[in-house]
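What follows is a short report on a single structure.
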Amino acid sequence: MRLMLLGCPGVGKGTQARFITEKYHIPMISTGDMLRAATLAGTPLGKQAKEYMDQGFLVPDDVIIGLVRERVAQADCQNGFLLDGFPRTIPQAEALAANNINLDHIIEIDVPQDEIIKRLSGRRIHPGSGRVYHLVYHPPKKDEKDDITGEPLVQRLDDTEEVILKRLRVYHEQTAALVDYYQQKANETIHQGPFYSRINGLGTEEEVKEKIFAALENTAIS
Ligand code: AMP
């Protein structure tokens, strides 16, 4: 099962990705997490990516395409994977298709913009695992500490209001075109996939999860 999550930053892709990958036993490929890991490790790729990420810009397509191509070739991706945060531009989507990496189901999560700003500015993450918390909606058990390891949570540098607004603008300018791109592909090949589902991302994490699972089960491909 090759899945992709699509939607603005802050719609809950990372949280839902964890539910989906647990249920379907497929790896999650989050380009944002991969880039943050490279940045923490101080690799040349990480240093290059950090400048774009901190300012809310996209990392160049060729860098990110190379990274994903290598990742999906690994053995754990043989039975499928879930892409979170990739593709983010039409050239990235075309690179996937050119490499015969065809998706079975695209799940778009849709949340109004004012709600997104609230969500992102309260977001905290555990850098080691990528676990996501929210100071109001999903607080950790102990103040700003990861529930499992007790390690401190951090706010992403790009979760400040100024950078959030830039990231939303970048989404509308460069990524939103993928909605039409994949809807068109889905319409051309009805009943064969890729399937396209738009999910209302308002509500609790559990409610959104149930809607996504229902959409995946209705079009079950394995
Ligand atoms: P995310 O965690 O998905 O919100 O990604 C954080 C940042 O990583 C983005 O704002 C971009 O700077 C960079 N990034 C992640 N995925 C991609 C991608 N597919 N293409 C370009 N830049 C990306």
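The values are calculated or read from the model by the stated rules, or taken from the named source; none is laboratory data. The structure presented is a predicted model; accordingly, all values stated were derived computationally and were not measured. Every residue, glycine among them, receives a Cβ derived from its backbone with ideal geometry; neighbour counts consider all protein chains shown. Note: areas computed on protein heavy atoms with side chains; ligands, DNA, RNA excluded. Shrake-Rupley method; radii C 1.70, N 1.55, O 1.52, S 1.80 Å.
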Open item on the list: For the structure I just gave you, tell me whether Met53 is in contact with a Lys or Arg (Cβ under 9 Å, 6 or more places away or on another chain) and over 25 Å from Asp114 (Cα atoms).
Closed with: no
Task: Pairs with Cβ under 6 Å, 6+ apart, first in segment 153-167 and near the ligand (Cβ under 10 Å from one of its atoms), second among the small types (Gly, Ala, Ser) - done: Asp158/Gly56; Val163/Gly56; Lys166/Gly56; Arg167/Gly56
TODO: Output the number of residues of segment 27-36 satisfying the condition of being out of contact with any Cys (no Cβ under 8 Å at 6 or more places or on another chain) and outside any helix (DSSP H, G or I).
DONE: 2
TODO: Report, by residue number, each residue of segment 181-204 that is out of contact with any Phe, Trp or Tyr (no Cβ under 8 Å at 6 or more places or on another chain) and either among the β-branched types (Val, Ile, Thr) or touching a residue at least 12 places away in the same chain (Cβ under 8 Å) (or both).
DONE: Tyr181, Thr189, Ile190, Gly193, Phe195, Ser197, Arg198, Ile199, Asn200, Gly201, Leu202, Thr204
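Here are some residues: Leu5, Leu40, Leu45. Which one is over 23 Å from Val111 (Cβ atoms) and touching a residue at least 24 places away in the same chain (Cβ under 8 Å)? Quick ask: steps written out before the conclusion?
Details: Leu5 fails: over 23 Å from Val111 (Cβ atoms); Leu45 fails: touching a residue at least 24 places away in the same chain (Cβ under 8 Å).
It is Leu40.
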Task: Tally, over segment 10-22, of residues that are closer than 15 Å to Ile199 by Cβ and not small (Gly, Ala, Ser) - done: 6
Task: Selection within segment 48-60 - open to solvent by 50 Å² or more (accessible area, probe 1.4 Å) and either touching a residue at least 60 places away in the same chain (Cβ under 8 Å) or near the ligand (Cβ under 7 Å from one of its atoms) (or both) - done: Tyr52, Asp54, Gln55, Phe57
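Go through segment 38-89 residue by residue and tally those that are of a type in the set (Lys, Arg) and over 17 Å from the mean Cα position of the chain (by Cα). Walk me through how you get there before you give the answer.
Looking only at segment 38-89, we keep the residues that are of a type in the set (Lys, Arg), and these are 47, 50, 69, 71, 88.
Filter once more, so that each one left must be over 17 Å from the mean Cα position of the chain (by Cα): 47, 50.
Adding up the residues that qualify gives 2.
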TODO: Would you point out which residue out of Thr21, Thr39, Thr15 is over 17 Å from Val132 (Cβ atoms), among the polar types (S, T, N, Q) and part of a helix (DSSP H, G or I)?
DONE: Thr39
- [ ] Could you grab me the full set of residues in segment 61-90 that are within 11 Å of the ligand (Cβ to nearest atom), under 21 Å from Lys166 (Cα atoms) and open to solvent by 40 Å² or more (accessible area, probe 1.4 Å)?
- [x] Asp61, Arg88
TODO: Take segment 2-37 and flag every residue that is more than 12 Å from the chain's Cα centre (by Cα) and open to solvent by 30 Å² or more (accessible area, probe 1.4 Å).
DONE: Arg2, Phe19, Glu22, Lys23, Tyr24, His25, Arg36, Ala37
